[in-house]
Every structure is written in C-alpha cells, then in structure tokens.
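The values are calculated or read from the model by the stated rules, or taken from the named source; none is laboratory data. Because the structure is a prediction, the values reported are computed rather than measured. Methodologically, a virtual Cβ is constructed for each residue, glycine included, from the backbone with ideal geometry; neighbour enumeration extends over all protein chains shown. Please note that ligands, DNA and RNA were not included when accessible areas were found on the heavy atoms of the full protein model with its side chains. Shrake-Rupley method; radii C 1.70, N 1.55, O 1.52, S 1.80 Å.
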Amino acid sequence: MKKKPSLEERIGRAEADLFQSLGAEVDESFLELATTAVRVRLLSHGSGPPLVLLHGVSLSAPAWAPVFNMLPGRRLLAVDLPGHGLSGPACYRRGHVREHARALIDDILDALQIDNAPVVGHSLGGMFALWYAASAAGRISRLVAIGEPAVALHGVRVRMPLSLLTVRGLGTIVLRSPSPRPVYRALLAQGLGRAEVAGAPDSLIDALRLSARRPENARTVSSLMHAIDHFRWPRTESVLTGPELAAIETPTMFIWGTDAPYLTAERALPAVGQIPTATLHEVPGGHGPWLVDAKRSADLIEHHLTAYDPKTRSQSAERALSN
C-alpha cells in the first residue's frame with residue numbers, strides 16, 4: 001500500500017509546482033536563530049544585493065513568488081516567519097511581541113551575515129519592520145510596507161475572518177480545519193482581497209492552506225493574534241504612537257491597495273505623514289496588491305530602493321495615486 005504523503009511533503013510539492021509555473025529558480029535553506037531560538041526557513045532567488053522579504057500573518061514565503069522574477073539584480077531572501085510555512089513555532093505573549101520582533105530581525109540579519117539590508121514587509125512583516133525601525137535600530141536600510149502593516153498604525157479595524165483567530169482556542173481550530181481549496185479561497189478572499197485570490201494559482205493556494213494546517217503553525221498564529229489584537233481592534237501596545245512614528249529615520253514607502261479592507265489610505269495618511277521620510281502610493285488591489293499587479297508593485301519597490309535621496313525629507317507623506 002502506497003504511503004500517504006506527509007503534510008510537509010504536500011506543501012513541498014505545491015511550492016515546487018508554483019515555482020516551476022513561474023519559471024523561478026528557488027533555493028531552500030534553514031537558519032538557526034540565536035536569540036529567539038527558532039529555526040526558520042529561507043527561500044532564496046537571484047543574485048546581487050540582498051533584499052529581505054517578510055510575509056503577512058497566516059501566509060508564508062512562497063506568497064512572494066509572483067515578484068521573484070520582477071526584481072532582477074537582487075538576491076531575494078524570503079523568510080518563513082516563526083510558526084508559518086515550514087519554520088519552527090513560537091509562543092507569543094501579550095506585551096512581549098515587539099521585543100520578539102526586534103530580536104527576530106536582528107537574528108535573521110545575523111544568521112544571513114548581513115550588517116544591514118532593505119526590507120519589504122507585508123502586513124505582519126511590515127508591522128515587525130516598522131516596530132524595528134521605530135526602536136532606533138539601524139539595520140533596515142530601506143523599508144517598503146505593502147498592504148496595511150497589520151495593526152501598527154492608528155485606525156485599523158480587525159475584521160472577519162481574522163477576528164476569529166484572536167479568540168483563544170478558536171483560532172487554532174479554525175486554522176487547522178481541513179478546508180477544500182474553494183472554501184479556503186473564499187476565506188482568503190475575505191482577509192486578503194477578492195482580486196488577489198482570483199488571480200492566485202492553485203499551487204500557491206494549496207501551499208498556503210496546507211501550511212496553515214500544521215499544528216505548530218496554528219498554535220503560533222493563534223497566540224500571535226491574541227497577543228496583538230482584541231476581537232475587533234488592536235491592543236494599544238501594538239499601535240505605534242506619534243513620537244514613535246516621528247522617530248523612524250529609515251526611508252519608508254507604503255504601497256496601499258485602493259480596496260484596502262482594514263484601513264483606507266485616506267485614514268492612514270495622518271499616521272504615515274508623521275514619518276519624516278515616508279511616501280504612500282495607492283495601487284489597485286486589497287490587502288495584497290502585489291498579487292494583483294506584480295509588475296507595478298515591483299517597479300515601486302525598485303524605485304524606492306534605488307532613487308531615494310536621503311537628504312530630501314518631507315514633513316508629510318506624499319500620496320501617489322496609480323489607477
């Protein structure tokens with residue numbers, strides 16, 4: 001009798017199909033992180049100056065695959081955050097998530113033997129990077145936050161289905177529940193955006209839905225969501241204050257979806273405008289606009305990494321509308 005493939009093997013097959021369909025050559029390795037004591041997976045693509053990619057909550061590093069071939073001349077380093085993809089778990093506690101995020105980014109850069117690097121972060125990854133930059137740590141040389149950066153900015157509302165993940169016990173059950181591909185697509189569309197999910201290949205959907213079902217991933221994500229959020233609103237300690245935003249010296253770009261589900265660009269501008277070097281570009285899409293128009297998002301990222309003059313500072317955010 002043929003042995004049934006493990007969950008990890010099924011994830012690997014879905015990811016291999018995804019990379020093959022995009023013509024992307026991807027190397028997999030694992031980093032042993034010293035301070036946070038987590039083993040995280042790294043997906044590497046291309047060569048050149050490093051660019052670190054941090055995904056959003058309940059996603060994983062392969063979610064960046066659509067932009068892999070659109071940022072040539074760079075070594076893309078996509079990390080599975082703790083308790084996501086094939087990385088080891090973490091147990092998050094209220095009041096300690098920011099501390100963990102700062103140590104995690106230092107750990108990742110240390111393990112990669114990189115003094116500093118630009119970072120692109122989606123949702124949770126963007127929040128971690130903004131928290132890090134606000135702490136006056138100087139190892140993020142440029143920062144791109146694509147999609148609302150989780151609950152880092154004032155005004156965010158936690159919506160379904162993410163609200164379910166904030167409830168102790170319930171979040172783990174929801175994440176681990178076997179969901180056929182159509183059901184998972186429908187749930188993901190609520191959290192990420194209809195256009196994002198409509199264009200996503202089945203191989204990416206499978207990689208994400210299978211990863212969410214790993215027991216250690218479900219427990220990690222559930223503990224994280226409870227630690228940073230109430231059912232409908234972020235916990236106070238998750239949101240960056242005005243002085244913290246003003247202290248961010250890292251050149252920062254926000255790429256915002258026109259149909260952003262958790263915080264509109266209009267409502268985000270007062271907070272974004274407090275970051276001295278920030279710009280905000282609004283593009284078609286919801287919470288994951290690079291999945292709607294990978295080329296447009298990659299072009300904006302490349303522009304920010306190469307064309308920004310650190311001597312030119314603005315006291316308010318620039319808003320660039322791209323329709």
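Label positions at Glu9 and Glu216, each projected 7 Å from the Cα along the C-beta direction, are separated by 1.9 nm.
Highest mean first, the peptides 210-222, 153-165 sorted by other C-beta atoms within 10 Å per residue fall in the order 210-222, 153-165.
Computed with a 1.4 Å probe on the full set of protein chains, the accessible area for Ile146 sits at about 0 Å². Taking 0.36 nm per residue of sequence separation and removing the Cα-Cα distance, the Met70/Lys2 pair yields an extension gain of 20.5 nm. Element breakdown for region 170-245 at a 1.4 angstrom probe: carbon and sulfur atoms account for 63% of the accessible area. Share of pairwise Cα-Cα distances greater than 29 Å in the chain is 30 percent (whole percent). Among Trp233, Trp290, the sequence by solvent-accessible area, most first, with a 1.4 Å probe is Trp233, Trp290.
For the chain, the longest principal axis of the C-alpha atoms and the axis of helix 97-111 are separated by about 80°. At q = 0.17, 0.20 Å⁻¹, work out log10 I(q)/I(0) for region 201-241 with the Debye formula, treating every Cα as an identical point scatterer and leaving solvent out; two decimals please. Here log10 of I(q) over I(0) equals -0.61, -0.71.
The angle between the Cα long axis of helix 215-228 and the longest principal axis of the Cα atoms of the chain comes to about 30 degrees, rounded to the nearest 10. In terms of the mean number of neighbouring beta-carbon atoms within 10 Å, the peptides 90-102, 264-276 order highest first as 264-276, 90-102. Label zone of Arg176 (point 7 Å out along Cα→Cβ, amide N under 11 Å): in region 45-82 this covers no residue at all.
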